[in-house]
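Reading through the structure tokens given below for one structure.
The values are calculated or read from the model by the stated rules, or taken from the named source; none is laboratory data. If you're wondering where the values come from, they're calculated on a predicted model, not measured in any experiment. Glycine also receives a Cβ, built like all others from the backbone with ideal geometry; neighbour counts cover every protein chain displayed. Side chains included, ligands, DNA and RNA excluded: accessible areas come from the protein's heavy atoms. Shrake-Rupley method; radii C 1.70, N 1.55, O 1.52, S 1.80 Å.
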Amino acid sequence: MGWNTRLLLYHNYVHNDLYEAGNTKAYDYGVRAFYERESRRHSWKAGFDFERYGGSFYVNEGMDFLTSSPQYDHNAAPYLLGRYDLDPRFSVSGGLRVNFADRYDTELVPQARLLAQLDDASALTLSAARGFKTPSIAEQYLFFFNRDGETLEPER
């Protein structure tokens, strides 16, 4: 009972040499912070995520060596989630996340879930959410992901 506060920092560096296709150097980092309050029958979680991902991609096509400049995406998302226990074996939860991306439109991502606790080790969950996938930097710039050279939009 009471409020819990957490902060998560992460960093990732990747260097891939792709055989006769090119290579990538990605520099990703992010911050996640949230506050959570739990009581006997309900809980609330409010948080904020920020991430920066991307890097430099060098592509070989035939005898030419094409170099792209570094490209980074920045995403931020505040969210609020809640859970209510109907009884010790059933609970409902839901929430809303707002994803802000510097290259794409703002996305509202609602979600809902019904959980049935079958025994101490098993549970059955029914969930629904509006989802989307933002194309990665590699999908945007490497020719074998994006052969037509057009900018890819998020999949909804």
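A few comments on the model shown:
- Residue match in segment 42-64 (condition: over 27 Å from Asp105 (Cα atoms), assigned to a strand (DSSP E or B), at pLDDT 80 or above and acidic (Asp, Glu)): no
- Tally, over segment 87-118, of residues that are outside any strand (DSSP E or B), open to solvent by 60 Å² or more (accessible area, probe 1.4 Å) and at pLDDT below 90: 5
- Residue that is modelled with the highest pLDDT [pool: residues in segment 25-41 that are basic (Lys, Arg), farther than 11 Å from Leu8 by Cβ and part of a strand (DSSP E or B)]: Arg37
- Restricting the first member to segment 107-128 and to residues that are under 20 Å from Arg97 (Cα atoms) and touching a residue at least 40 places away in the same chain (Cβ under 8 Å), and the second to residues that are open to solvent by less than 80 Å² (accessible area, probe 1.4 Å) and assigned to a strand (DSSP E or B), the beta-carbon pairs closer than 9 Å and six or more apart or on different chains are Glu107/Ala77; Glu107/Arg97; Glu107/Val98; Glu107/Asn99; Glu107/Ala101.
- Of all residues in segment 80-100, those that are in contact (Cβ under 8 Å) with a residue 40 or more places away in the chain and of a type outside the set (D, E, K, R) total 3.
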